[in-house]
Ligand code: XLS
Ligand code: NI
Ligand code: NI
């Protein structure tokens with residue numbers, strides 16, 4: 001049975017193609033810098049946006065037309081069908097990875113035990129489909145934010161029973177991720193944060209968050225789960241002060257609780273811009289700390305102050321992202337997970353394909369441009385030259401720790417004036433990027 005009978009496997013047709021259901025730039029087997037495009041990009045489908053987002057917004061009801069959801073009324077039966085839909089979708093788009101929250105794949109029961117039973121039924125089907133298609137799990141996670149029990153947070157809730165419930169839920173989510181050979185497990189902060197200090201013990205909440213993560217690390221060891229743990233930074237939403245605000249905040253948190261050996265970062269473009277950063281800044285900060293893990297690929301709208309999770313279409317941005325990824329040596333366990341949803345008015349199943357195709361094409365362009373920039377070392381050579389004063393003389397003394405305030409004072413007294421500052425040449429560099437993009 002096919003759920004997209006009118007849609008064939010998406011093929012690469014090149015930039016002149018007029019076919020909306022073809023890749024214009026993403027040519028999975030094309031080799032770039034010694035690896036195929038698909039090995040570089042490691043695309044992943046997010047189960048939540050593709051299978052469970054129905055187009056609701058704060059003002060309106062569902063708009064999405066999903067015929068497969070109406071073949072049954074029992075939520076468990078619908079969940080079973082969605083697995084088949086998901087795998088047909090990934091096979092046809094050539095996406096080789098997926099990510100899910102526990103509650104995306106199976107309905108929540110009245111008790112945790114019932115929820116776990118539902119999960120087991122669905123995970124059996126997912127496992128068969130993974131065997132049949134060779135599609136892999138990039139990472140799993142637990143939804144610790146939708147149910148009303150998480151109103152005041154999960155591991156940072158003032159209610160210890162909620163902490164316990166969250167631990168039990170994550171335990172199961174880790175088990176199913178392990179069973180499906182997940183290459184990673186993600187913690188996105190959800191409601192881990194607060195609205196007002198008037199009612200918040202910030203220290204206890206953060207300590208508890210760290211205790212929770214340590215328990216996850218211990219349990220992974222116990223069950224032999226070797227996947228990579230990720231923390232996904234995000235500011236502002238849903239709580240006013242999210243504890244995992246941005247890369248720098250998460251790195252400081254991990255280091256102060258001695259957790260940095262066990263976690264890396266999963267960086268999302270729209271979260272970066274909400275934090276007032278570019279995504280390339282966020283990636284660079286994580287990479288320089290040795291903590292770059294994976295990416296949630298999407299884009300925001302700079303005029304809107306929330307997580308709009310749009311499909312990436314901006315080649316300037318994907319060039320910057322892929323440049324940072326190449327510079328950091330490429331993905332190891334991570335990949336590009338489309339944490340992106342079609343717009344509310346793009347409600348047809350075909351729109352799901354078109355959105356993923358443009359996202360994949362946009363990253364393919366970014367990869368190609370970034371690879372040329374990297375190969376020619378244009379930016380790196382400029383960087384080396386800009387900082388050359390640290391390679392000899394007083395600069396070398398500074399970087400090798402051979403000098404101090406007194407010696408530097410003497411150096412400046414002798415030198416008297418500084419008249420050799422150089423232009424940063426920002427516009428020149430921006431012009432080069434345009435040239436590389438346009439060829
Ligand atoms: C929400 C997050 C979420 C995580 C997974 O803004 O991006 O979707 O990626 O829990
Ligand atoms: Ni995300
Ligand atoms: Ni997000």
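Every number in this text was worked out from the coordinates using simple rules, so none of it is lab data. This structure is a prediction, so every number in the text was calculated from the model and none was measured. Here the Cβ is made from the backbone with ideal geometry for all residues, glycine too, and neighbour counts use every protein chain on show.
Going from the residue with the fewest nearby Cβ atoms within 10 Å to the one with the most, 10, 267, 125, 418 rank 418, 125, 10, 267. Against the longest alpha carbon principal axis of the chain, how many degrees, from 0 to 90 and to the nearest 10, is the axis of helix 315-327 turned? For 315-327 against the chain, the angle is about 70 degrees. Against the chain, whose longest principal axis is taken from its Cα atoms, helix 112-133 shows a tilt of about 80°.
Counting only DSSP beta bridges whose two residues both lie in segment 159-282, roughly 20 percent are antiparallel. Look at the Cα gyration tensor of segment 1-112: its axes a ≥ b ≥ c give a/c of at least 1.5 with a/b over b/c, and that counts as prolate. Highest mean packing first, where packing is the average number of other Cβ atoms within 10 Å per residue, the peptides 152-164, 355-367 line up as 355-367, 152-164.
Relative contact order, whole percent, for segment 285-432 stands at 23, derived from Cα pairs under 8 Å and 6 or more residues apart. Put simply, the C-alpha atoms of the chain give a gyration tensor, and the ellipsoid matching it has half-axes of 40, 30, 19 Å, longest first.
When the helices in the chain are scored as -39500 (n - 2.57) per DSSP H run of 4 or longer and the sum is shared across all residues, what 222 nm value do you end up with, to the nearest 500 deg cm²/dmol?
Taken over the chain, the calculation gives -14500 deg cm²/dmol.
Ordering 374, 188 from the fewest to the most neighbouring beta carbons within 10 Å gives 374, 188. Radius of gyration (Cα atoms) of segment 200-300, expressed as a multiple of 2.2 N^0.38 Å: 1.07.
Largest GNM mean-square fluctuation among 197, 180, 295, using the chain with Cα springs under 10 Å: 197. Does anyone have the angle between helix 405-415 and the longest principal axis of the chain? Alpha-carbon axes, 0 to 90°, nearest 10? Tilt of helix 405-415: around 50 degrees.
Considering only DSSP beta bridges with both partners in the chain, what is the antiparallel share in %, to the nearest 5? Around 20 percent of the beta bridges assigned by DSSP in the chain are antiparallel ones. Over all orientations, segment 30-170 has a Cα convex hull whose mean projected area works out to 11.2 square nanometres. Compute the separation of the alpha-carbon centres of segment 113-135 and segment 359-420 and state it in Å as a whole number. Centre-to-centre (Cα) distance: 51 Å.
Give me 135, 95 sorted ascending by neighbouring Cβ count inside 10 Å, so fewest comes first.
Arranged by neighbour count, lowest to highest, 135, 95 become 135, 95.
Based on every Cα atom in segment 93-155, Rg and the maximum pairwise Cα distance Dmax equal 13.7, 42 Å.
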